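I'd like to ask you about the structure that follows.
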Amino acid sequence: MSEQHSEHAEHVVPMSTYVGVFLALLVGTALTTWVAYIDLGAFNTVVALVIAFIKMTLVILFFMHVKYNKGLTRIVIVAAFFWLGIMMTFMLADELSRNWTPTVSSWDTLLPFLF
Amino acid sequence: MNDMAAHGAVHDAHPPGFAHQFEDVQQQRDAGRLGMWVFLATEILFFGGMFTSYTIYRSLHLSAFITGSHLLVVKFGAINTAVLICSSLTMALAIRSAQTGKSKNTIIFWLILTMILGATFVGLKLRFEWYRDYIEQIVPGINFVPHASWGADAGQVEMFMCFYFFMTGLHALHMVIGLGILSVLVWMTAKGRFSPEYNAPLEISGLYWHFVDIVWIFLFPLLYLIGGRYPGS
């Protein structure tokens, strides 16, 4: 039984890692706020999202211990974001492409004959 | 009765909190973690639905969303982001204290500090943001008066404010639920339930708390900083 105990001791994240991640998150917050006051055109949003993704990855890997977890947890996380991607991609594909296909004028003349 | 007696004899040596349907402590830990992540996956899609509709409306009415975003005060959004990040650190340290076998009081100290930071977040949000928004008459459905300068965008600015209140409101609701979970953890810690061998409730609640932090990490830039804060944006 004592064997099992040592074998199954939980991985303890070093204090320095927690403090490092914490400081990185604060720097990221300051950076994202500061960048918003600089005119980068369309890239303002891109930069803000890139910083947010980096911050999220830090939280998931270290604060949420996923770096030290089994692969199964990672599959669930990747699957969740994959499904989120499907939702966003398909809804945007529909919404943004609605005006791309113009109504072919000849179809209008055909409609009365078809229906 | 015989079973119970036999059971006691065989299992006396088991670590506290160990449920018998599991092979060992490690498997129990992994199963609990996995269950929490499956729940968080549903949460990702729950908030994801709002982020998706936000993205669509933003792409359709960008100028109105920029106008709406400029109605919010960046200072409070940024301060609250820092407050939440601090609370994530203190939560992580509460779990670490349990893992390294620190005293009950140490764990409770970090948990209470996490709760204070969480309550600070909600308090700042209520007092300096939502209350101010009400005074400024930009709360859709309750007190909303369009500015003359918005012109034809007025309806879409109102839509932005709807997104703002629904997204921050549901986030704040998650914070309040988190505060409830943390109070239970304080009580469990005081009862001496946690040890280096058994601290799953702490760790799993930590996952929830960090998840709520992540949602805010995205809400802050998307709501407060959208389209930039530089002159002429």
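The values are calculated or read from the model by the stated rules, or taken from the named source; none is laboratory data. These figures come from a predicted structure and were not determined experimentally. Neighbour counts run over all protein chains shown; Cβ positions are idealised from the backbone, glycine included. The protein model used for the area step is the full one, side chains on, heavy atoms only, and it has no ligands, DNA or RNA in it. Shrake-Rupley method; radii C 1.70, N 1.55, O 1.52, S 1.80 Å.
Based on the Cα coordinates of the stretch B:21-95, what is the per residue volume of their convex hull in Å³?
Convex hull of Cα atoms, per residue: 105 Å³.
Summarise the partner chain shielding of B:196-202 as one whole number: the mean count of Cβ atoms from other chains within 10 Å of each residue's Cβ.
If you average over the peptide's residues, the count of other-chain Cβ atoms is 2.
A further question on this structure: Over the Cα atoms, compute the radius of gyration (one decimal) and Dmax (the largest Cα-Cα distance, rounded to a whole number) for the protein assembly as shown, in Å.
Rg, Dmax (Cα atoms, Å): 24.5, 88.
What whole-number value in Å² describes the accessible area per residue of the protein assembly as shown for a 1.4 Å probe?
The answer is 50 Å² per residue.
If the cut-off is a Cα-Cα distance under 19 Å, which lysines reach B:K191, setting aside same-chain residues fewer than 8 apart in sequence?
Within reach: B:K102, B:K104.
Could you run the numbers on buried accessible area between A and B, total for both chains, 1.4 angstrom probe, in Å² to the nearest 100?
Buried: approximately 4700 Å² between B and A.
Let me ask you something else. So how do B:157-163, B:101-107 stack up, highest first, on mean other-Cβ count within 10 Å?
Packing order, densest peptide first, comes out as B:157-163, B:101-107.
Positive end of the dipole of the stretch B:25-224, charges at C-beta (+1 Lys, Arg; -1 Asp, Glu), about the Cα centre: which of B:M161, B:F109, B:G123 has its Cα farthest in that direction?
B:F109
May I pose another question? When all C-alpha to C-alpha distances in the stretch B:95-192 are sorted into bins of 10 Å, what percent of pairs does each bin hold, rounded to whole numbers?
Result, from short to long distances: 14, 33, 21, 15, 11, 5, 0 percent.
Mind checking the mean number of beta-carbon atoms from other chains within 10 Å of the Cβ atoms in A:88-97?
Mean inter-chain Cβ contacts per residue within 10 Å come to 3.
State the three equivalent ellipsoid semi-axes of the stretch B:25-224, derived from the C-alpha gyration tensor as the square roots of 5 times its eigenvalues, in descending order and whole Å.
Semi-axes from the Cα gyration tensor: 38, 18, 11 Å.
Hey, any idea what % of chain B's accessible area is carbon plus sulfur with a 1.4 Å probe?
That share works out to 66 percent.
List the relative contact order of chain B as a percent without decimals, with contacts defined as Cα pairs under 8 Å and 6+ residues apart.
With pairs under 8 Å counted, the relative contact order is 31 percent.
How are the alpha carbon pair distances in the stretch B:135-175 distributed across 5 Å bins from zero to the largest one, expressed in percent?
6, 23, 27, 22, 12, 6, 3, 1
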